[in-house]
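Enquirer: What follows is a structure written as structure tokens; I'll ask about it next.
Just so you know, all these numbers are worked out from the coordinates, no wet-lab data involved. The shown structure was predicted, so the numbers you read here are calculated from the model rather than taken from an experiment. Here the Cβ positions follow ideal geometry from the backbone for every residue, glycine too, while neighbour counts run over all protein chains shown.
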Amino acid sequence: MIVAVAAMAWTAGCSREEEAATPATAPAEAPAAEVENIENADKSATTVVPAPAPAETPEAAAAPNDAGLVTIIIDTNRGRIKAVLWADKAPRTVANFLRYVDAGFFDGLIFHRVMKGFMIQGGGFEQNLQKKATSAPIRNEASADLRNDRGTLAMARTGQPHSATAQFYINLVNNVSLNYRGPQADKIGYCVFGKVVSGMDVVDKIAAVTVRRSQVSNALPTSPVIIKSIRRAPK
């Protein structure tokens, strides 16, 4: 049920758990964890009615360095990716992501949606395609200063603006259509919270894998792309 406005139109049909909410495509989540509607939203779909934002709750400190950055290491079966998270620009989003990291939530999950020329998405499904239970959704911190440029990390979500939990994606190109354009549900965009600083060759290698249609994604790698672990980098 995750929908994002993608720069490219995709005509494949939505799976039962996917919800077409915009006339394009975007990183999406599913009812239980987050399936995505990135590539196959129905062109005739109507605009999603915005849901109220989650109530404010105290966020765990992200423990950034003096520059407001937290470095993480994403180890996959295709190689290592190093990224910095912008705790100063998206504090709630980074704190939420790090809670999953520190709990080992992502270990053994897969990149279940790989769309060459768009993005790679993961963090929601086991290798057997079972969705992993998550904590409550968070408020969308998307802003005009946080752009979905190549190499950035952002949160996938459903058609509701404040529905992101654990699924994330890495942009393969500058996806302008996913950026914040206003507070309305169809304009708020997808929250960027960090950027790859090394290992984009690994990201591009993942982007080049062969994919197939499945019950969780229309772009599931035929050979699993596994997130072996995500950890904070040693200081």
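Enquirer: Normalised by the number of residues in region 69-232, what is the relative contact order in percent for Cα pairs under 8 Å and 6+ residues apart?
Expert: Working: 406 pairs, mean separation 56.0, N = 164.
The value is 34 percent.
Enquirer: With each label point set 7 Å from Cα along the Cα-Cβ vector, what nm distance links R232 and Q184?
Expert: In this crude label model, R232 to Q184 measures out at 4.1 nm.
Enquirer: Further question: Return the sequence-ordered ³J(HN,Hα) values of region 186-193 in whole Hz as given by the Karplus equation 6.51 cos²θ - 1.76 cosθ + 1.60 applied to θ = phi - 60°, using x for Gly and Pro.
Expert: Using θ = phi - 60°, the values come out as 8, 10, 5, x, 10, 6, 7, 9 Hz.
Enquirer: Could you go through region 109-122 in sequence order and give the Karplus-derived ³J(HN,Hα) for each residue, using 6.51 cos²θ - 1.76 cosθ + 1.60 with θ = phi - 60°, rounded to whole Hz, and x for Gly and Pro?
Expert: 6, 10, 8, 9, 9, 10, 10, 4, x, 9, 6, 10, 10, x
Enquirer: Still on this structure: All other residues with a Cβ under 14 Å from the Cβ of R231 taken together, and with Lys, Arg as +1 and Asp, Glu as -1, what is their net charge? Please list the in-between numbers first.
Expert: Details: positive: R80, K82, R99, K228, R232, K235; negative: D75, D102, D107.
It works out to a net charge of +3.
Enquirer: Karplus couplings for region 91-96 from phi (6.51 cos²θ - 1.76 cosθ + 1.60, θ = phi - 60°), rounded to Hz, Gly and Pro as x?
Expert: For region 91-96, the Karplus curve yields x, 5, 5, 5, 4, 4 Hz.
Enquirer: If each residue of separation counts as 0.36 nm, what is the full-extension length gain between E126 and R80 once their alpha-carbon separation is subtracted?
Expert: Working: separation 46, 0.36 × 46 = 16.56 nm, distance 1.94 nm.
Using 0.36 nm per residue and subtracting the Cα-Cα distance, I get 14.6 nm.
Enquirer: Quick check: residue separation of V173 and S223 times 0.36 nm, minus the Cα distance between them. What number comes out in nm?
Expert: Working: separation 50, 0.36 × 50 = 18.00 nm, distance 2.33 nm.
Between V173 and S223, full extension yields an extra 15.7 nm.
Enquirer: Among M200, M119, M155, which comes first, then next, by fewest other beta-carbon atoms within 10 Å? Walk me through the numbers before you get to the answer.
Expert: Details: M200 18, M119 34, M155 29.
Starting with the residue having the fewest Cβ neighbours, the order is M200, M155, M119.
Enquirer: Just to be sure I understand the model, the point goes 7 Å from the Cα along the line to the Cβ. What's the resulting D88 to A103 distance in nm?
Expert: Taking the two extended label points, one gets 2.9 nm.
Enquirer: Note down, for region 69-232, the three equivalent ellipsoid semi-axes (square root of 5 times each alpha carbon gyration tensor eigenvalue), biggest first, whole angstrom.
Expert: Working: eigenvalues 96, 59, 53 Å².
Over the Cα atoms of region 69-232, the semi-axes work out to 22, 17, 16 Å.
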